[in-house]
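Written out below as structure tokens is the structure these notes cover.
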Amino acid sequence: MASSRLSLNLFQLRREVDEVPSYLPMAVWYGGGKTRATMIKHPQAGDEKEWRRDLRRIKECGFNTVKTWVDWAASEPAPGQYCYRAQDLIMEICQELGLKVIIQLYLDSAPDWLSNLYPDSRYISAGGDPIVSQGSPGFCYDHPGVRGKAETFMQETAGHFRDRKELIGWDLWSEPHIVQWAYFDYLPQPAVFCYCHYTTQRFRDWLRARYGSIEALNSAWYRTFSSWDVVDAPRFISLMTYTDAFDWQEFIMDKLAEDLRWRAETVRQIDPWHVVASHSDIPCLMTLPRANQGAPDDWRMAKVVDIWGTSFYPKHVGAKETNDPALRSAELSQIRSSCAAVGKPYWLGELQGGHGYVGMFAAEATAQDESEWTWQPISHGAKGLCYYAWHPMNRGYESAGFGLANLDGTPSERALVAGAAAKIVTANMDLFLEAEPVAAETAILYNVNANVMWTNMREKSSYLPSRSLLGAYRSLFEENIPADYLHLEEIEAGQLCKYKVLYMPFSLTFTAKAAAAVGQFVHSGGTVIAEARTAWNDEHGVCGEIIPGFGLSEVFGCREVGVYSTPQINMAHEEQVIPITVTENFNGFSWLQSGAQLAGYGVRQTLEVTSPSAVVLAKFNDGRPAIVGNRYGKGVAILVGTFLSFTAETLRVRHNLNFLKEFALGAGVRRPVRVEPEEHHGMIEVRLLRTVSSPASSLIFLFNHYAEEREVRVTVKLERTRVDGDTRGQLYDLAAENGVPADWGKDYLRFTRRLKSGEVWVARIVAD
């Protein structure tokens, strides 16, 4: 983590100015009255009184910030004619009330006059159909005219607001996609990416930079292009090669990052003092590059703005799975990891504030939900939250949903609970700004190229890769063991040295550089657990002669000699589980007992031992090797010939979860906290944040996910402060504002707490 103030704090002036304090926003979306985000209602007679009442209620609840939006269509109704009346009034009232403001720049509802100026600026579907804008999705920003007008609008807006004292930052792109929240069911071909002339030319330029010559491109794509001018963007998956599709999807991810960079640099030219931020619709852990109209890679996006983050809607359409504590934690860990990789904090650009609505489908959001949704991201180190929204939506298919307020504008119980949390954060802002998660000793590989390959295998969803990545995380979450998600590029850059254990649950593709880094990691004493068909292909989708490739067969002490896949590999069916029986106790892992039953899924990869140091640890029912463990140098490499993590997640196979967890414990991974009794399986979640300047000072968060009250005994591992005796200190309840009895040892703190169902308890630990 970088040491600058910006790396620790969310919203502050970019320029180091002593009189400007650091700030952590606990914000609410508000655009004036009951207008739905991101629509704008220009103020009429009597509106000021209503808006002032709303904003006063937001302040009284405990929130310190408002996020409002500048909508291009409404704010530039005619070329060069600008109107910011609504935002000016909101900001004036906020200044009077002592509320800070974040401005969301919303370009995707582009003004209709653009189509008259630039008739060739429409998005083009994969089938060649021009897409008519209905306010959204707007027009293609690769068109030079559209880009120029958007740039002028952003500069005009930045200049209008940059000197406002209540302004603390810009949210430049809400949930970046190629095409924003519009669905084209009438088209015979999908319209997930734009295939217009200008985007195609941009793609050709990208290819030219990547390959250098048309000859090199022809070799990679197995084509016979005569010049760059005839190269077209891929529209379908070819039997011949994955490489063209790989490149197109790689280009899309780069394009999203570069388009965000363009927005950031445009605003910074006019306003170099305020933070520029953005946020995805969902962490890329749960998406694929071509899913949801072109999803970004969080690691790339985090590089180009001061603050990157995500939206967080656990009950958007009532799916129980999305409100699962372990899944929520995995998403937060992934978005935090992507930002930490470049030394930046993360935030939630949108946090669900009310009932989830899509048409007639609804999910009730309770005050208990709101408490968990508020504290869980903060316990993962979030440096800002923005609730979506104050008023419920009043039009569109989300009508009546997502508001912290009731339909009549009065604060709901959810608003009061969220506001109470906001008051605690504001009152202890310096502490929450400085506190960072305990450094993880385990990492889970996020392999974006493997996900790309999955889409090119004609699979229609992200089910297998995302659930595999979640299963590995769940096994650690249940023991309150911190875990990072590690991008393949971070492995190539030598970041494995920070960890003791690396999980690779879905790594169908690999690179030579990453493989060398993994080999060195194991040889130096690390532990790696990989699953089916690791390093099957290179980053271009080309299969090697040996699986796993790039020399990893030597690391794992085995190779693939056969493979079989089950039907419906992308779905979870208990009848398709692949039984595995442990046959050997592995030296150093005494918990791995002969006869234990594990459950694989999807793929049955037959492994052949190739090293005298390798041992067959488990077999399939036909007697063929299923899991091979190898001593390589000072470390251990385990290769599993099926998808254990997937089954651990989707079917919650207990033996699988224990198998994955025990590798971390067996490798000496330390647990910063212990909960007794131990068999809670994640239902008692404990998270620990340590302050950067004083490791003896910590924040601790306890979550009771049970439906009933529970009493737990918690032991916290402290940074050793005393050599000659027991540590002394204070355990301080931040909500009750009082001390809590605790037992102190040389390097630990132990206390007992009774938690109500759904209760979140937040305390500060100060060791002397």
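Every read-out reported here was derived from the displayed coordinates using simple, explicitly stated rules and does not represent laboratory data. Just so you know, these numbers come straight off a predicted model, no measurement behind them. In this analysis, Cβ positions are derived from the backbone assuming ideal geometry, glycine residues included, and neighbour counts consider all displayed protein chains.
Each peptide in 209-220, 59-70, 551-562 gets a packing score, the mean of other Cβ atoms within 10 Å over its residues, and the list from highest to lowest is 59-70, 551-562, 209-220.
For segment 119-241, what relative contact order do you get, as a whole percent, if you take Cα pairs closer than 8 Å and at least 6 residues apart? If you can, show how the numbers build up before the last one.
On the way: 98 pairs, mean separation 35.6, N = 123.
Reported relative contact order: 29 percent.
Hey, what did the chain get for relative contact order, percent, Cα under 8 Å, at least 6 apart?
On the way: 1764 pairs, mean separation 77.7, N = 768.
Computed value for the chain: 10 percent relative contact order.
Please give every one of the aspartates and glutamates within straight-line cross-link reach of Lys315, meaning a C-alpha to C-alpha distance under 16 Å, and leave out same-chain neighbours fewer than 8 residues apart. Qualifying aspartates and glutamates at Cα under 16 Å: Asp281, Asp324, Glu331, Glu350, Glu364, Asp369, Glu370, Glu372, Glu398. Here the Kirkwood formula, the inverse mean of 1/r across different C-alpha pairs, assigns segment 442-666 a hydrodynamic radius of 16.9 Å. Between amide H atoms placed 1.01 Å from N, distances below 5 Å from Val66 occur with Val28, Lys100, Val101, Ile102, all of them 5 or more places distant or on a separate chain.
Cross-link partners for Lys49 among the lysines, with Cα-Cα distance under 20 Å and sequence neighbours closer than 8 places in the same chain left out: Lys34, Lys41, Lys59, Lys67, Lys100. Within the shell defined by Cβ-Cβ distances under 10 Å, the residues around Ile481 carry a net charge of 0, with Lys and Arg each +1 and Asp and Glu each -1.
Once the other residues with Cβ under 9 Å from the Cβ of Tyr30 are scored (Lys, Arg +1; Asp, Glu -1), what is the net sum? That works out to 0. Each Cα pair under 8 Å and six or more residues apart adds its separation to the average, and for segment 673-767 the resulting relative contact order is 34 percent. Listed by chain and number, the lysines whose C-alpha is less than 23 Å from the C-alpha of Lys513, apart from same-chain residues fewer than 8 away, are Lys303, Lys498, Lys500, Lys634. With θ taken as phi - 60° and the Karplus curve 6.51 cos²θ - 1.76 cosθ + 1.60 applied, the whole-hertz 3J(HN,Hα) list for segment 618-629 is 8, 10, 6, 4, 8, x, 7, x, 10, 9, 10, x Hz, x standing for glycine and proline.
Counting only DSSP H runs of at least 4 residues, each contributing -39500 (n - 2.57), and dividing by the residue count of the chain, the helix-based mean residue ellipticity at 222 nm comes to -9000 deg cm²/dmol.
Going by average Cβ density within 10 Å per residue, which order do the peptides 344-351, 412-419, 115-122, 94-101 take, highest to lowest?
Numbers: 344-351: 27.0, 412-419: 22.1, 115-122: 15.8, 94-101: 17.9.
My ranking of the peptides, most packed first, is 344-351, 412-419, 94-101, 115-122.
Using a simple spin-label model with pseudo-atoms 7 Å out from Cα toward Cβ, Lys498 and Lys423 lie 3.7 nm apart. Placing unit charges on the Cβ atoms only, positive for Lys and Arg and negative for Asp and Glu, gives segment 172-300 a dipole magnitude near 180 debye about its Cα centre.
Dipole of the chain computed with +1 at Lys/Arg Cβ and -1 at Asp/Glu Cβ about the Cα centre; of Pro144, Thr68, Ser371, farthest Cα towards the positive end is Ser371. Its Cα centre serving as origin, segment 442-666 has a Cβ charge dipole (Lys and Arg +1, Asp and Glu -1) of approximately 260 debye. If the segment from Arg208 to Ala696 were pulled out straight at 0.36 nm per residue, it would be longer than the present Cα-Cα gap by 170.3 nm.
Placing dummy labels 7 Å off each Cα toward the beta-carbon, the span from Gln520 to Asp622 is 4.0 nm. Helices that extend 27 Å or more along their long axis by alpha-carbon positions and average at least -1.0 on the Kyte-Doolittle scale are, among the DSSP H runs of the chain, 243-270. Residues of segment 487-507 with the amide nitrogen closer than 19 Å to a label point 7 Å from the Cα of Tyr463, along Cα-to-Cβ, please. Once the point is set 7 Å along Cα→Cβ of Tyr463, 506-507 turn out to lie under 19 Å by backbone N, inside segment 487-507. Here the label points at Glu678 and Ser565, each 7 Å from Cα along the C-beta direction, are separated by 3.9 nm in the simple model. In a reduced charge model with +1 at each Lys and Arg Cβ and -1 at each Asp and Glu Cβ, the chain shows a dipole moment near 780 debye about its Cα centre. Taking a sphere under 14 Å around the Cβ of Arg559 and counting the other residues whose Cβ falls inside, with K and R at +1 and D and E at -1, yields a net charge of -2.
Database remark: amide H of Thr583 closer than 5 angstrom to the amide H of Gly595, Ala618, Lys619 (H placed geometrically; neighbours at sequence offset of 5 or more, or on other chains; Pro and chain starts carry no H).
Cβ-Cβ distance of Arg56 and Asp768, R₀ of 51 Å, FRET efficiency by 1/(1 + (r/R0)^6): the value works out to about 0.75. Under a 5 Å amide H cut-off, with hydrogens placed 1.01 Å from N, Gly384 pairs with Leu348 among residues at least 5 apart or on other chains.
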